[in-house]
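The values are calculated or read from the model by the stated rules, or taken from the named source; none is laboratory data. Every value quoted in this text rests on a predicted model; they were computed, and no experiment measured them. Don't worry about glycine lacking a Cβ; one is built from the backbone with ideal geometry, like all the others, and counts go over all protein chains shown. Quick note on the areas: whole protein, heavy atoms, side chains included, nothing else; ligands and nucleic acids left out. Shrake-Rupley method; radii C 1.70, N 1.55, O 1.52, S 1.80 Å.
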Amino acid sequence: MSRTSGPRADEHAIVVDLGFGDAGKGVTVDLLCARRRYGAVVRANGGAQAAHNVVTPDGRHHTFSQFGSGTLAPGGPVPTHLSRLAVVDPFALAAEARHLAELGIADPFALVTVDRRALISTPWHQAANRARERARGSDRHGSCGMGVGETMAYALAHPGDAPTAGDCAHPARLRRKLRLLADHLRDRLGDHPSGEAGPDGTAGSPDLEECVSAYAAFAQRVRLVDEAHLPHLLASAPVVFEGAQGVLLDEWHGFHPYTTWSTTTTANPLALLAEAGRPGQARRIGVVRTYTTRHGAGPLVTEDPALGSLLPEPHNGTHPWQGPFRIGHLDLVAHRYALAATGGVDSLVVTHTDAFAGAGPADGSGTADAVEATDGRPLWCTAYANPDGTALHLVPEASPDLERQERLTRALLRVRPVLAAIPDDDLGGAIGRALGLPLEAEFGGPTRADARVSGSRGRGPGRGPRRGRVTRRAPTRPN
Amino acid sequence: MGSSNWSTDAYHARAAYNAAAGSSSFAYTDDVASSLPRDKWKVHPSLDPHGVTVRESRDSDAHPESLAVSVLFDVTGSMGRVPRLLQKKLPDLFGLLLRKGYVEHPQILFGGIGDATCDRAPLQVGQFESGNELEDDLGNILLEGGGGGQVTESYELAMYFMARHTAMDCLDKRGRKGYLFVIGDEMAYGAVKAREVREVIGDDTRENVAFPMILAELQRRFEVFFIMPTGSAHFGNEDVRGFWDTHLGQNVIYLDDLEAVSETIAVTIGMGEEAVDLAQGLEDIASAGSDAGDVVGKALRPLSRARGSIVVSESPDGLTGDAAGGVDRL
């Protein structure tokens, strides 16, 4: 049920992470939904590997993965729509619904609509994903082990055979597709020296009939919808598009091969809006932390292990597939690259503005050399220096070219960050100015109650001509 | 992360989906039922017909050619599943109407029908909506689960409201009737009783209106259909079937599976708008991923034949064994 109180939002919002993920998309969506009434939170990329932590002011915590992060909004949960561009994991959805029910959400499944065309990720994809990562040994790509990339890859190679959410309602069709998938993966990976049972017929492989009946229960319980649903939804109420992962992990703009098989820019939400006849009708909101993080392998130019002891990370520990959570100084170069890659945003949300409070040299830890060197003020990276002293300029290209991205990755692994103290006590404001963006909000703590919402709703640069308003339901009605 | 978890995951997922199947998002019903004794139950303010001048379906910039569609269902004990099913199938109803252009700008109203002789909420009527608000209306419907056991519900009272308390641009501006679907399994009372109209709707009226009169009045504004689930408690009751057949003829739709209710309504409207014939409608719902085609086809074939939109090949004269026409053999 959508909320029945509070002011209605006046335009669609797209929330995108300008880093490598984990910047705070969840709290941003939660804040938006707490302040304004939205018709739905829409997922337009990625799958169950998303892990958006939301803590409510009353202390409830949930890690959103398939559900939208507006589910705990005060005044009633905002429904979730999993669009055709999302990857759906019915098992993860079920597990998440159980936890949401424990948190007091009356009937979580009733909140969800799923586009029948959305791909589903299955235990077979998961097994293939893990087998591939294991085979890479120490050269892991930092995937989450959830099989989302595998799902996309299989669908691209076998468009007609990839199981979709709609197939779940047709057991015979689904069974055929799952068999094909299992056969395909056994051919590709069955004899892989992984030392563990693969996605094949050996002991421990997924039970096809168990899965078919679980998926049928999913189709029975969750509302599957067709292509008319989202355009209709967009016509009847403003929505929030909740991005998964970050622009710097984008399949084309990220640093190959340490990328995700997903479009993490605003491109997918904008494509869905255009399909619905509303091109560009949305406010694009970028999210960064006051420092830059990366979960998994790949370049993190400003990485500084010393920061780890200063900046605790309650929700992101060492992940069995991604490895340790990595922390670096705020990387303006990388975030500007992300902004250019996604075609700009209209405003900025800065999270963790409280992270450096009390993190100065006075705590006597003696480990935070970099922070000490600047009187305890946090640092940012303003440029990359090549080994020969020249600057490396990071510029996204319009045309996809993975070889170019791979060369870029190699260059990034060689550069050193040029660091300086962030020049101002107003961390959020300084970061907004440095990125040339008006501040939408800043978070000085983990919950929406810790957010300071910017008074001005000014338009950011690069927005282009002002677009038409979202149309609203108009019939007047007595009584 | 061992692979042995896979089947366990499947088991737990299935259990979670199945366990939830009985629950509902009828928050208002759950709230009222858990906090008040039954005699204190009352209609949610957003659905209370009392004092309502008109429920309106109007054109707007966003919806320049609105078409009013109303779905009123029996919320008494025998029909408790219907609103829950409708809520689940709701996105499909919009989708089916819109996707093939059957209707460009549907505005849908939901209502609940009980028994005015004994229920606390004999009539609940939402607004004509074109968006998610419909789900709010559904969530606010009180599933009283009452009814009297006399095989009659106050359908006539709902018809009175819809005939006299609605305003529709489709009719006023374009001369096109709206659609009204009543889903139920019992008979209407023989007349709209003035006392019930005063109490439930608030009109100051002294005269009863006979059922055929109010139906005729309603049919000047709406294409009226009665959907009767064949699995319902009273389907076998000849009186009930006879009653609706007498008054609505081919517009009575016998539906084998209520799961197909959205598809049935959509295709009925598609045929009514002459956007499709039955065969095309069934093709459309199949392409939308629905496997309700057989059920819908069976339910709507009589209506489709009455509209003449399907050509039935007839046997040449004299070859049939039917003595009623043609040539008697031997």
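Assorted remarks:
- Each residue of the range A:106-116 was assigned a 3J(HN,Hα) from its phi angle through the Karplus expression (A = 6.51, B = -1.76, C = 1.60, θ = phi - 60°), giving 4, 9, x, 5, 5, 8, 10, 10, 10, 5, 4 Hz with x at Gly and Pro.
- Amide H contacts of B:PHE226 (H built 1.01 Å from N, in plane; Pro and chain starts excluded): B:VAL182, B:VAL252, B:ILE253 sit under 5 Å, all sequence-distant by 5 or more or on other chains.
- Accessible surface buried upon B-A contact (total; probe 1.4 Å; Å², nearest 100): 4600
- Each residue of the range A:299-314 was assigned a 3J(HN,Hα) from its phi angle through the Karplus expression (A = 6.51, B = -1.76, C = 1.60, θ = phi - 60°), giving x, 9, 4, 8, 3, 9, x, 4, 5, x, 6, 7, 10, x, 10, x Hz with x at Gly and Pro.
- Label-point separation, B:SER287 to A:ARG404 (7 Å along Cα→Cβ), nm: 3.9
- Mean Cβ count within 10 Å, highest first, over the residues of peptides A:33-44, B:60-71: A:33-44, B:60-71
- Applying the Karplus relation 6.51 cos²θ - 1.76 cosθ + 1.60 with θ = phi - 60° to the range A:153-159 yields 3J(HN,Hα) values of 4, 5, 5, 5, 7, 9, x Hz, where x marks Gly and Pro.
- FRET efficiency for B:ARG81 and B:GLU104, using Cβ-Cβ distance with R0 set to 25 Å, rounded to 0.05: 0.20
- Cβ-Cβ distance of A:ARG452 and A:HIS61, R₀ of 22 Å, FRET efficiency by 1/(1 + (r/R0)^6): the value works out to about 0.55.
- For A:ARG289, the residues whose modelled amide H falls within less than 5 Å of its own, excluding neighbours fewer than 5 places apart on the same chain, are A:THR351.
- Spin-label pair B:ALA279-A:ALA157: with each label point 7 Å from Cα along the Cα-Cβ axis, the two points sit 4.2 nm from one another.
- Calculated FRET value between B:GLN150 and B:ASP294, using beta carbons and R₀ = 25 Å, to 0.05: 0.10
- Extension gain from A:LEU413 to A:ALA357, taking 0.36 nm per residue of separation minus the Cα-Cα distance: 17.1 nm
- Built amide H within the under 5 Å cut-off of B:GLU129, gap 5+: B:ILE108, B:LEU109
- The modelled label-to-label distance for the pair A:ALA135/A:ASP388, using points 7 Å beyond Cα in the direction of Cβ, is 3.8 nm.
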